[in-house]
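Written below as structure tokens is the structure these notes are about.
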Amino acid sequence: MEKTFTCVVCPIGCELTVNYDENDIIDEKISVHGNSCPRGEKYAKTELIHPERTLTSIVKCDSSTLSMLPVKTSSPIPKEKLFEAMKLINTITAKAPIKQGDILYKNFVVDGVDLVACRSVKV
């Protein structure tokens, strides 16, 4: 079987063609063409086998200077967990003061992935 992807790892945006056997999708049996660098091959294989995304969003904040705080996951989470993650984000209120990089929610949806503040906020 064949699929095409546009690589998003760098600004080049290589058009990747991925050939694989739909009954046996394993790393060694996937061939990737069109990538300018090894990162494109890794991206295509990950996107085919187990796609992940870094989630960026906002949460409520109890500060008098900022009502919504930008946040992101510390590393990518499985794509199928995004809706679950957004439901959880809607229940979170950050307590000021907050420093950029502070962990707001440990093990957010996936063990080892935290939800972190993307900006500092005073009370």
ask   = Which residues' amide hydrogens lie under 5 Å from the amide hydrogen of ARG53, considering only partners 5 or more residues apart or on another chain, with H built in the peptide plane?
value = ILE77, LYS79
request  = With everything on Cα atoms, drop me the angle between helix 38-49 and the longest principal axis of the chain, reported from 0 to 90° to the nearest 10.
outcome  = 80 degrees
remark   = With every protein chain kept in place and a 1.4 Å probe, the chain has an accessible area per residue in Å² of 63 Å²
key: Dipole magnitude of the chain about its Cα centre (Cβ charges: Lys, Arg +1; Asp, Glu -1), debye to nearest 20   = 920 debye
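As a check on your grasp of the helix formula, calculate [θ] at 222 nm for the chain: sum -39500 (n - 2.57) over DSSP H runs of n ≥ 4, divide by the residue count, round to the nearest 500.
Working: 2 runs with 20 residues, N = 123.
After summing the helix terms and dividing by the residues of the chain, the value is -5000 deg cm²/dmol.
Which percent of the accessible area of the chain is formed by carbon and sulfur heavy atoms (probe 1.4 angstrom)?
The computed percentage sits at 52.
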ask   = Rounded to the nearest 10 Å², what accessible area does CYS118 show when all protein chains are kept and the probe is 1.4 Å?
value = 50 Å²
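The values are calculated or read from the model by the stated rules, or taken from the named source; none is laboratory data. Note that the structure is predicted; figures quoted are calculated from it, not measured. Quick reminder, even Gly has a Cβ in these numbers, built from the backbone with ideal geometry, and neighbours come from all protein chains shown. For the accessible areas, the whole protein counts, side chains as well, though only heavy atoms, and no ligand, DNA or RNA atoms are used. Shrake-Rupley method; radii C 1.70, N 1.55, O 1.52, S 1.80 Å.
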